[in-house]
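Trainee: Mind having a look at this structure? Questions to follow.
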Amino acid sequence: MEEKLIKGETIGKKIRAVRERRGMTRQKLFELLGGVYSYDALLKVELGKIKHPPIEIVAKIAEILDVPIEELISEGEPQLEEDLLKDPDLTILMYQAKDLSSKDKQVVLKVIKALKEEHDRERESK
C-alpha cells in the first residue's frame, strides 16, 4: 500500500509539476517571486522538505503559475498531462476553455469542483 504524502510533499510535487509543464525553470520562478522567498527555501518546498509551506508563498506561486491555489493545495496526486489528454471529453473541454478569460476559467473550475463534490457524495451514499 502506498504511503500517503504529507501536505508539504504533495504541494511541492504539484508546484514542480506545474512549473515544468509551463516550461519554467526553478530559477525563473524564484526571480518572479521577487525576493519574498529564498531559492534554497523554494527548492526545499519543491522537494517536500518543508512540511507546511507558508500559504502566502504558495498563493504567490499559484498566481505566478496562473493556476488556482486549490490545484496546489488539494489532496491527491496530480494526474499526468498525457493521461488527461487520452480522455476525448477532457480534450474538448480544454479546447473550448482555452480562450476564456482567467476569471471565466475560475468560474468553470468552480462548477467542475461542485459537480465532482456532488458526484462524490452520491457515490458515498450508495
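Trainee: Check the straight Cα-Cα distances from residue 44 and name the lysines below 22 Å, setting aside those fewer than 8 residues away within the same chain.
Mentor: Correct list for residue 44: 4, 7, 13, 14, 28, 60.
Trainee: While we're on this one: Can you give the calculated 222 nm mean residue ellipticity of the chain, where each DSSP H run of n ≥ 4 adds -39,500 (n - 2.57) and the sum is split over every residue, rounded to the nearest 500 deg cm²/dmol? Working shown, then result.
Mentor: Details: 8 runs with 85 residues, N = 126.
Computed mean residue ellipticity for the chain: -20000 deg cm²/dmol.
Trainee: Given a Förster radius of 30 Å and the C-beta distance between residue 103 and residue 24 as r, what FRET efficiency does 1/(1 + (r/R0)^6) yield to the nearest 0.05?
Mentor: On the way: r = 23 Å, r/R0 = 0.76.
Efficiency at R0 = 30 Å is approximately 0.85.
Trainee: Output the peptides 21-29, 63-71, 42-50 sorted from most to least packed, where packing is the average of other Cβ atoms within 10 Å over each peptide's residues. Don't skip to the answer; put the middle values down first.
Mentor: Working: 21-29: 13.2, 63-71: 15.4, 42-50: 18.0.
Per-residue mean Cβ counts within 10 Å order the peptides as 42-50, 63-71, 21-29.
Trainee: Sequence gap at least 6, Cα distance under 8 Å: using those rules, report the relative contact order of the chain to the nearest whole percent. Provide the component values of the computation, followed by the final result.
Mentor: Working: 80 pairs, mean separation 34.0, N = 126.
For the chain, the relative contact order is 27 percent.
Computed from the coordinates by the stated procedures, all read-outs in this text should not be read as laboratory data. Just so we're clear, the structure is a prediction, and the values are computed from it rather than from any experiment. Heads up, the Cβs are rebuilt from the backbone with ideal geometry, glycines too, and the neighbour counts pull from every protein chain shown.
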